[in-house]
Amino acid sequence: MRYILTILTIFTGELFWKEHVEKESPENSGRKALHDTIILTKHHNRGVALNAGEKKPKIVKWISVVLTAVATILFLCSFGMAGKGLMRWGLSLLLGGAFSNTYDRLRRGYVVDYFRLNVPVKRVRNLIFNVSDFCIMIGALLIVLGE
């Protein structure tokens, strides 16, 4: 049950936060937060990471749906495997983020990203994320470590 709660918490938290960002923040705005470590910046990502595939949104949507479905099947199958707790936690984080971003792609046609890290390296500072992106990355890492 805790794994399902993790997925639902990430998904619903992101749903509410992205709706707030959509209503309250102008596109590509920049406002510093958390002692200037984060810059709140609304961006519509029509592709995947770094806007890759933005010119082929239907393909991006289908890939997102298929990969999320595969991860969901793996998650469900993991309950029949002993000793796979770290993998299940990783899949929970990954799925919470994947459901959120896939929902955005299907509903809006783009993923709402909303913050940048205020770091000295310009290439990193220019990347715009959402919490789902971090959940997907951390989840993938935990899955690898769990295997």
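The values are calculated or read from the model by the stated rules, or taken from the named source; none is laboratory data. Just so you know, these numbers come straight off a predicted model, no measurement behind them. Note that each Cβ is placed from the backbone with ideal geometry, even for glycine, and that neighbours are counted across all protein chains shown.
Identify the residue in region 47-75 that is aliphatic (A, V, I, L, M) and in contact with a helix residue (DSSP H, G or I) (Cβ under 9 Å, 6 or more places away or on another chain) and, among all such residues, is surrounded by the most Cβ atoms within 10 Å (Cβ to Cβ). Taking the candidates together, the pick is 60. Residue 103 falls short on exactly one of the conditions (1) at pLDDT below 95; (2) among the hydroxyl-bearing types (Ser, Thr, Tyr); (3) surrounded by fewer than 19 Cβ atoms within 10 Å (Cβ to Cβ), and that condition is (1).
Within region 1-38, if we keep just the residues that are part of a loop (DSSP other than H, G, I, E, B) and among the aliphatic types (A, V, I, L, M), the residue that is surrounded by the fewest Cβ atoms within 10 Å (Cβ to Cβ) turns out to be 1. In region 106-147, what residues are surrounded by fewer than 20 Cβ atoms within 10 Å (Cβ to Cβ), more than 18 Å from residue 30 (Cβ to Cβ), of a type in the set (A, V, I, L, M) and in contact with a strand residue (DSSP E or B) (Cβ under 9 Å, 6 or more places away or on another chain)? Result: 131, single match.
The combined condition, being crowded, with 17+ Cβ neighbours inside 10 Å and free of Cβ contacts under 8 Å to residues at least 40 places away in the same chain, is fulfilled by residue 78. Which one is farthest from residue 100 (Cα to Cα) among residues in region 40-81 that are of a type in the set (Gly, Ala, Ser) and part of a helix (DSSP H, G or I)? So the residue we want is 78.
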